[in-house]
Amino acid sequence: ICWPPRRNEKGEMMMKKIAVVLESGLFGLLFMAGTVFANETSMDARLERARSYFGDERVTDQNGVTHRFVSDLLNNHVVLINVIFTNCQDACPMQTQKLQWVRKQLGDYFGSRILFLSLSVDPKRDNPAMLKTFADKQQANVDGWKFLTAEERVMARVLGRLNQWTADPNNHSTLLIAGNARTAHWVKLRPDTPPERIVADLRRLAEIGN
């Protein structure tokens, strides 16, 4: 065995990917899984990986309807995920209004192939009735847009896997996360991403694998 090993383009590329994984933690691992392994595993295997990663416990939407996080919400849709809490007075309403514009630009994609999931980072206070009041106030209580809460341990796990959990809701992230669990493709979007770019990324994710 020779050391150091000979230079190899494929090997160097893989080492760079591994370095990114190590630097970005578990959530980075989830994203890299979509890049490195998307063509190497079946769709069922990818969904099972998502269930194992996020858990598949029940979350409740603003209308009191319960859903399995992966099996019911991620399974058959591209999702755009953001983090909110109903007592938020600035960032959450502003981001919700931005996503309203995105929703309208998606046309028939929205609700049929693309869902918006607004996850509460304040599950102790945010019950379904409070989420409904928030959604109604923002004119966002529409089919295809789920404002979700659950027991704190459930939300902590889901948001923790997304690297979005915080014990203080006022310090929550405004990062947007778009993903297609069936194809294991995920994208992080900065809060200042232009709405047109968000629309384009969601449409692209909805087309992958179809």
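The values are calculated or read from the model by the stated rules, or taken from the named source; none is laboratory data. All values reported here derive from a predicted model rather than from experimental measurement. Glycine gets a Cβ as well: all are built from the backbone with ideal geometry, and neighbour counts include every protein chain shown. Surface accessibility is based on the protein's heavy atoms, side chains included, excluding ligands, DNA and RNA. Shrake-Rupley method; radii C 1.70, N 1.55, O 1.52, S 1.80 Å.
Enumerate the helices (runs of 4 or more DSSP H) found wholly within the stretch 79-184, keeping only those where 3 or more residues are closer than 29 Å to Arg46 by Cα.
91-106, 152-161
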Check your understanding: What tally of residues in the stretch 105-130 results from selecting those that are hydrophobic (A, V, I, L, M, F, W, C) and under 20 Å from Gly160 (Cβ atoms)?
Key -> 3
Review point. Would it be correct to say that Ala200 is small (Gly, Ala, Ser) and loosely packed, with under 14 Cβ neighbours inside 10 Å?
Key: yes
**Study point:** the stretch 138-177, subset within 21 Å of Asp201 (Cβ to Cβ) and among the charged types (D, E, K, R), residue most open to solvent (accessible area, probe 1.4 Å)
**Key:** Arg161
Point to revise | Residue among Arg7, Arg51 that alone is on the phi < 0 side of the Ramachandran plot, modelled with pLDDT under 95, open to solvent by 40 Å² or more (accessible area, probe 1.4 Å) and in a helix (DSSP H, G or I) | key: Arg51
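Taking the stated definitions as given, is Thr66 at pLDDT 90 or above and either touching a Pro at 6+ places or on another chain (Cβ under 6 Å) or surrounded by 18 or more Cβ atoms within 10 Å (Cβ to Cβ) (or both)? I'd like the intermediate steps shown before the answer.
Values: at pLDDT 90 or above: yes; either touching a Pro at 6+ places or on another chain (Cβ under 6 Å) or surrounded by 18 or more Cβ atoms within 10 Å (Cβ to Cβ) (or both): no.
No; evaluated as a whole, the condition is false for this residue.
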